[in-house]
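Just so you know, all these numbers are worked out from the coordinates, no wet-lab data involved. Keep in mind it's a predicted model, so treat the numbers as computed, not measured. Reconstructed Cβ throughout: ideal geometry from the backbone, glycine too, with neighbour counts over all protein chains shown.
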Amino acid sequence: KIQTCFKIFYELILKTTILVLPIVIFQILGSFSNGELKIEFVSIIIGAITMSSVPCYYSGMLMESGENLRLAVYSCSWENRWDRTSRTLILLLLLRTTPPVTIRTMFCCLSLDALADVFRQAYTIFNLL
């Protein structure tokens, strides 16, 4: 359900963060030249980083838990079991846990790597300003 419900929302958050962060940081640096600090800009930066980081962090934890489950199923000493039903069940579990469990957006999987790409793209746009 989370895959279909928030797919566009998470993509919109990531793309908005890519655009908002460099512009707001540029505005903060402009306000520093006037000798003032606008608290509105700081709160926008904190909000943008939080809104984009939390889903990526939890998706990374979900991917790690899925990988731990797959490794636990594989290392359950299945080679010592000769019962056909238990081997079939273990094989089925291994097949179901092979693709990573992750939260997807329209174009990518949410993870800390995707968050690093967002920050990298925001930094590139900031350098262009």
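Miscellaneous remarks
- The stretch 80-95, residues that are outside any loop (DSSP other than H, G, I, E, B) and in contact with a helix residue (DSSP H, G or I) (Cβ under 9 Å, 6 or more places away or on another chain): SER86, ARG87, ILE90, LEU91, LEU93, LEU94
- Residues within the stretch 36-67 that are surrounded by 14 or more Cβ atoms within 10 Å (Cβ to Cβ) and more than 21 Å from ILE18 (Cβ to Cβ), tallied: 4
Residue-wise test of (1) in contact with a Leu (Cβ under 9 Å, 6 or more places away or on another chain); (2) aliphatic (A, V, I, L, M); (3) within 30 Å of GLN27 (Cα to Cα).
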residue: TRP78; (1), (2), (3): yes, no, no
residue: THR88; (1), (2), (3): no, no, no
residue: LEU110; (1), (2), (3): yes, yes, yes
residue: VAL118; (1), (2), (3): yes, yes, yes
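- Residue list for the stretch 2-43, restricted to those being among the aromatic types (Phe, Trp, Tyr), assigned to a helix (DSSP H, G or I) and touching a residue at least 40 places away in the same chain (Cβ under 8 Å): TYR10, PHE26
- Here THR85 meets the list (1) exposed (fewer than 11 other Cβ atoms within 10 Å of the Cβ); (2) among the β-branched types (Val, Ile, Thr); (3) over 20 Å from the mean Cα position of the chain (by Cα); (4) closer than 30 Å to PHE6 by Cα almost entirely, failing just condition (4).
- Complete set of residues in the stretch 106-129 that are polar (S, T, N, Q) and touching a Gly at 6+ places or on another chain (Cβ under 6 Å): SER111
- Scan of the stretch 1-24 for residues that are under 15 Å from GLN121 (Cα atoms) and surrounded by 16 or more Cβ atoms within 10 Å (Cβ to Cβ), ordered by number: GLU11, ILE13, LEU14, LYS15, THR17, ILE18, VAL20, LEU21, PRO22, VAL24
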